[in-house]
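First comes the structure, then the notes that go with it.
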Amino acid sequence: MLKNDFIKTLEQKFDANWLNIQSAELRADEKINKLELIFEKESLTSLDTSIIVFGSIARKECTSGSDLDWSFIVDGQANSKHKQISKRIGELLEKNKTEFPNPNPTGHFGGYGF
C-alpha cells in the first residue's frame with residue numbers, strides 16, 4: 001500500500017482529516033513538478049545517469065523548512081562531462097534556492113556518485 005493510500009485509509013478509519021500531512025504531500029508534489037520542469041529543459045540525464053531526490057521531498061513530507069537532498073548518479077563509465085553536469089544541476093538549483101534550499105553541507109548530497 002502506498003503511503004498516501006495508507007494515510008487516507010487511517011483518516012477514514014478514525015474519521016480524521018490530517019491537513020498538515022496532506023499539505024506536506026501537496027508541497028512535495030509541487031516541488032517535484034518544478035524540478036522536472038527545470039531539469040527537462042536542460043537534458044541533464046541519459047540512459048546511464050539519473051538525478052535522484054532524497055529526504056522529505058521524496059518521502060512527500062515536505063515542510064516550509066525542507067531542503068533539497070539530491071545526487072547525480074552515474075551507472076556506467078565515468079567521463080569528464082559527468083562532473084560538468086553535476087555542476088550545472090547545482091547552478092540551476094542555486095538559481096532557485098528560495099524554492100530549493102541547498103542540502104546539508106555534509107557532502108552526502110548535492111553532488112555526483114558512481
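Rule-based calculations on the coordinates, nothing more; no lab input. For clarity, every value in this text was computed on a predicted model and none was experimentally measured. As a convention, Cβ positions derive from the backbone with ideal geometry for all residues, glycine included, and neighbour counts pool all protein chains shown.
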Original post:
residue 15 passes all but one of (1) of a type in the set (Asp, Glu); (2) in a helix (DSSP H, G or I); (3) farther than 29 Å from residue 114 by Cα; which number fails?
Top reply: (2)
**OP:** Examine the range 67-83 for a residue that is part of a loop (DSSP other than H, G, I, E, B), surrounded by 14 or more Cβ atoms within 10 Å (Cβ to Cβ) and charged (D, E, K, R), and state whether such a residue exists.
**Re:** yes
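Which residue is nearest to residue 19 (Cα to Cα), if the candidates are limited to the range 62-111 and must be in contact with a Pro (Cβ under 7 Å, 6 or more places away or on another chain) and among the hydrophobic types (A, V, I, L, M, F, W, C)?
68
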Subject >> Criterion: touching a helix residue (DSSP H, G or I) at 6+ places or on another chain (Cβ under 9 Å) and either closer than 20 Å to residue 113 by Cβ or among the polar types (S, T, N, Q) (or both) - qualifying residue of 28, 58 >> reply: 58
**OP:** Considering only the range 84-112, state which residues are surrounded by 14 or more Cβ atoms within 10 Å (Cβ to Cβ) and more than 16 Å from residue 30 (Cα to Cα).
**Re:** 85, 86, 88, 89, 90, 92, 102, 103, 109, 110, 111, 112
